[in-house]
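Remarks on the structure that follows.
The values are calculated or read from the model by the stated rules, or taken from the named source; none is laboratory data. Because the structure is predicted, anything quoted here is derived from the model rather than measured. Quick reminder, even Gly has a Cβ in these numbers, built from the backbone with ideal geometry, and neighbours come from all protein chains shown.
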């Protein structure tokens with residue numbers, strides 16, 4: 001799940017998790033997603049949550065490691081915790097208790 005919904009992945013061109021790719025999938029049916037991966041360089045975390053008309057993405061990258069974070073744009077970050085705000089293009093999540101039948 002971490003690889004898909006939270007978007008945690010390694011960069012093929014830089015082995016050993018020295019550069020991390022964060023490309024979360026903001027699935028409209030979900031209110032939040034949280035994923036983590038214990039890499040050889042330390043814990044990688046990616047968590048997103050819908051807040052009103054925005055999505056708040058919080059990413060933690062291990063020290064001495066870099067990452068490229070893909071949201072509505074591409075950003076490069078160093079080790080540490082980073083918060084991104086993204087426009088919620090989907091609106092509120094679907095109510096799974098309702099049926100279309």
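The table for this structure:
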item: Pair list, Cβ < 7 Å and 6+ apart or interchain, from the stretch 28-47 residues that are on the phi > 0 side of the Ramachandran plot and assigned to a strand (DSSP E or B) to residues that are surrounded by 13 or more Cβ atoms within 10 Å (Cβ to Cβ) and at pLDDT 95 or above; result: 42/62
item: Qualifying residues in the stretch 52-65 (those that are in contact with a strand residue (DSSP E or B) (Cβ under 9 Å, 6 or more places away or on another chain) and surrounded by fewer than 15 Cβ atoms within 10 Å (Cβ to Cβ)) - the one modelled with the lowest pLDDT; result: 53
item: Candidates 38, 12, filtered to the one that is over 17 Å from residue 82 (Cα atoms) and at pLDDT 95 or above; result: 38
item: Criterion violated by residue 17 - all others in (1) touching a helix residue (DSSP H, G or I) at 6+ places or on another chain (Cβ under 8 Å); (2) at pLDDT below 95 satisfied; result: (1)
